[in-house]
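Right, one structure below, let's go through it.
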Amino acid sequence: MPEDSIEHIDFHRLNKHAISQALVTHMYTADPSVHVFNGKIYIYPSHDFDAGIPFNDNGDHFGMEDYHVLSMDAIDSKPEDHGVVLHVKDVPWAERQMWDCDCAHKNGKYYLYFPAKRADGIFQIGVAVSDSPTGPFEPQPKPMKGSYSIDPAVFQDTDGSYYMYFGGIWGGQLQKYRDNKYGEMYDVPPENESALAPRVAKLSDDMLECAESPKAVSIVDENGIPLLAGDNDRRFFEASWVHRYKGKYYFSYSTGDTHFINYAIGDNPYGPFIFAGIILKPVVGWTTHHAICEIQGKWYLFYHDASLSKGITHLRSLKVTELKYDENGAIQTIDPYPGLER
Ligand code: FUB
């Protein structure tokens, strides 16, 4: 739901229709990444706060400066907030805007992947390491070599390989790259050309770098044709997430300015992924972002909206709801406020 429609929302009525309520209310949280480590649920959100910067298309109002970790014993337990686990002032290369992060577990260590802007305003992705899923995380002195843009999401495949997906257009700067190189002259392609693709790279054994140059992740229609840049209802914008279901790879993402969480299905972690539909209809607030996680035999969609802040787009709250598949593996579309006239 775009920000300019917020003044027309009756939040009391909206909350009555909402399928779920904020997971925590003592702080604003967004951009969930969720994993089960050693039988417990861990949530790695963005920690929204008001940096006092007005809304713009560059996303400068998302001025986040630290990360918290939440944990839950079960899906219906009250989340525990483990406090600040990494602050931007402790990251030598980063200056501001700690956006969506993710965490991976390997050989007893936990790796927090996060984007932030350098002093020159360019986003890169860093890694911070801990012995515990709840941190504190010790940042590497430099960003990952060759990393760029935002929204890292790390997927562990069944063979033990880890892949990092990333990228986001507009404020996320993905449009400034071609063949993994920055160019001030680059921009989003014309509407009749292929949309910009998210990126994927296998991670190195030590989890601290990419083991290969990032590759474009192709999202195609049922005829194998890449989605077009002008196909705003379906094309990739930001918020990559990958999960496996019945041997298939599900790549899900936000469409940004059309506010959907969509998904596409492939046969391997690199794609191509065939567009398959909408997972989540628009939520209150400009952004939408999610994680999909299997917990004790059921699947859940973690997402955010801005209903707790009454529509302030950079003050969002995490929510969770069950996600269901049909017998063919299609995900049933979720309306976050069923029955609400919009
Ligand atoms: O939280 C800042 C940005 O907003 C994230 O990186 C995007 O995915 C969007 O949710």
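So in segment 126-154, with the set limited to residues that are acidic (Asp, Glu) and surrounded by fewer than 17 Cβ atoms within 10 Å (Cβ to Cβ), which one is farthest from TRP99 (Cα to Cα)?
Start the filter on segment 126-154 by keeping residues that are acidic (Asp, Glu), which leaves 131, 138, 151.
With the extra rule that they be surrounded by fewer than 17 Cβ atoms within 10 Å (Cβ to Cβ), the set shrinks to 131, 138.
Values: ASP131: 23, GLU138: 17 Å.
Looking at residues that are acidic (Asp, Glu) and surrounded by fewer than 17 Cβ atoms within 10 Å (Cβ to Cβ), I get ASP131.
Of everything in segment 254-266 that's within 16 Å of the ligand (Cβ to nearest atom) and among the β-branched types (Val, Ile, Thr), which residue is surrounded by the most Cβ atoms within 10 Å (Cβ to Cβ)? Full working, then the answer.
Of the residues in segment 254-266, the ones within 16 Å of the ligand (Cβ to nearest atom) are 254-263.
Applying the additional criterion that residues be among the β-branched types (Val, Ile, Thr) yields 255, 258, 261.
Details: THR255: 22, THR258: 16, ILE261: 25.
Going through the qualifying residues, I end up with ILE261.
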*Please find, within segment 312-330, the residue that is farthest from ASN58 (Cα to Cα) out of those that are out of contact with any Lys or Arg (no Cβ under 9 Å at 6 or more places or on another chain), more than 15 Å from the ligand (Cβ to nearest atom) and in contact (Cβ under 8 Å) with a residue 60 or more places away in the chain.*
THR321
*List pairs: first in segment 226-237 and in a loop (DSSP other than H, G, I, E, B), second modelled with pLDDT of 95 or more and among the hydroxyl-bearing types (Ser, Thr, Tyr), Cβ under 6 Å, 6+ apart or cross-chain?*
ASN232/THR258; ASP233/THR258; PHE236/TYR253; PHE237/SER254; PHE237/THR255
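So that you can scan it fast, the table gives a plain yes or no per residue for (1) closer than 19 Å to TRP299 by Cα; (2) buried (at least 20 other Cβ atoms within 10 Å of the Cβ); (3) aromatic (Phe, Trp, Tyr):
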residue: ASP31; (1), (2), (3): yes, yes, no
residue: GLY52; (1), (2), (3): no, no, no
residue: PHE55; (1), (2), (3): no, no, yes
residue: ASP60; (1), (2), (3): no, no, no
residue: MET64; (1), (2), (3): no, yes, no
*In segment 15-60, what count of residues is obtained for those that are away from the ligand (no atom under 16 Å from the Cβ), at pLDDT 95 or above and either in contact with a helix residue (DSSP H, G or I) (Cβ under 6 Å, 6 or more places away or on another chain) or not in a loop (DSSP other than H, G, I, E, B) (or both)?*
7
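Before we move on, is ARG244 among the basic types (Lys, Arg) and not in a loop (DSSP other than H, G, I, E, B)? Before the answer, list the steps.
Values: among the basic types (Lys, Arg): yes; not in a loop (DSSP other than H, G, I, E, B): yes.
For ARG244, the condition - among the basic types (Lys, Arg) and not in a loop (DSSP other than H, G, I, E, B) - is met.
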*Please specify each residue of segment 267-292 satisfying the condition of being within 16 Å of the ligand (Cβ to nearest atom) and either acidic (Asp, Glu) or surrounded by 22 or more Cβ atoms within 10 Å (Cβ to Cβ) (or both).*
ILE279, LEU280, VAL283, VAL284, GLY285, TRP286, THR287, THR288, HIS289, HIS290, ALA291, ILE292
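Suppose we filter GLY247, GLY266, GLY285, GLY277 for residues that are touching a Gly at 6+ places or on another chain (Cβ under 7 Å) and of a type outside the set (Lys, Arg); which single one remains? So that I can check it myself, show each step before the final result.
On the way: GLY247 fails: touching a Gly at 6+ places or on another chain (Cβ under 7 Å); GLY266 fails: touching a Gly at 6+ places or on another chain (Cβ under 7 Å); GLY277 fails: touching a Gly at 6+ places or on another chain (Cβ under 7 Å).
Of GLY247, GLY266, GLY285, GLY277, the one residue that is touching a Gly at 6+ places or on another chain (Cβ under 7 Å) and of a type outside the set (Lys, Arg) is GLY285.
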_Among the numbered criteria (1) of a type in the set (Phe, Trp, Tyr); (2) more than 25 Å from GLN156 (Cα to Cα); (3) touching a Phe, Trp or Tyr at 6+ places or on another chain (Cβ under 7 Å), which one does TYR250 miss?_
(2)
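For segment 47-54, check the following and say yes or no: at least one residue is touching a Cys at 6+ places or on another chain (Cβ under 6 Å) and closer than 22 Å to HIS26 by Cβ.
Filtering segment 47-54 for residues touching a Cys at 6+ places or on another chain (Cβ under 6 Å) gives none.
The answer is no, given that none of the residues of segment 47-54 is touching a Cys at 6+ places or on another chain (Cβ under 6 Å) and closer than 22 Å to HIS26 by Cβ.
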*Starting from segment 136-154, keep only residues that are more than 8 Å from GLY126 (Cα to Cα), then list their pairs with residues that are in a loop (DSSP other than H, G, I, E, B) and among the aromatic types (Phe, Trp, Tyr) whose Cβ atoms are within a distance under 6 Å, requiring at least 6 positions of separation or different chains.*
ILE150/TRP99
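Residue check: is PHE251 buried (at least 17 other Cβ atoms within 10 Å of the Cβ), in a strand (DSSP E or B) and either away from the ligand (no atom under 16 Å from the Cβ) or not charged (D, E, K, R) (or both)? Break it down into steps so the answer makes sense when it comes.
On the way: buried (at least 17 other Cβ atoms within 10 Å of the Cβ): yes; in a strand (DSSP E or B): yes; either away from the ligand (no atom under 16 Å from the Cβ) or not charged (D, E, K, R) (or both): yes.
Criteria met by PHE251.
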*Identify the residue in segment 155-207 that is in contact (Cβ under 8 Å) with a residue 12 or more places away in the chain and touching a Cys at 6+ places or on another chain (Cβ under 8 Å) and, among all such residues, is surrounded by the fewest Cβ atoms within 10 Å (Cβ to Cβ).*
LYS202
*Pull up segment 293-311, narrow it to residues that are within 16 Å of the ligand (Cβ to nearest atom) and part of a loop (DSSP other than H, G, I, E, B), then point me to the one that is surrounded by the fewest Cβ atoms within 10 Å (Cβ to Cβ).*
SER309
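Against the condition touching an Asp or Glu at 6+ places or on another chain (Cβ under 8 Å), surrounded by fewer than 16 Cβ atoms within 10 Å (Cβ to Cβ), over 19 Å from TYR162 (Cα atoms) and at pLDDT 95 or above, how does GLY224 come out, does it pass?
On the way: touching an Asp or Glu at 6+ places or on another chain (Cβ under 8 Å): no; surrounded by fewer than 16 Cβ atoms within 10 Å (Cβ to Cβ): yes; over 19 Å from TYR162 (Cα atoms): yes; at pLDDT 95 or above: yes.
Considered against the rule, which asks whether it is touching an Asp or Glu at 6+ places or on another chain (Cβ under 8 Å), surrounded by fewer than 16 Cβ atoms within 10 Å (Cβ to Cβ), over 19 Å from TYR162 (Cα atoms) and at pLDDT 95 or above, GLY224 comes out as no.
Got a sec? Which of ARG234, ARG244 is more than 16 Å from PRO115 (Cα to Cα) and surrounded by fewer than 16 Cβ atoms within 10 Å (Cβ to Cβ)? Quick ask: steps written out before the conclusion?
Numbers: ARG234 fails: surrounded by fewer than 16 Cβ atoms within 10 Å (Cβ to Cβ).
Result of the check over ARG234, ARG244: ARG244.
The values are calculated or read from the model by the stated rules, or taken from the named source; none is laboratory data. Note that the structure is predicted; figures quoted are calculated from it, not measured. Note: ideal-geometry Cβ built from the backbone for every residue, glycine included; neighbour counts use all protein chains shown.
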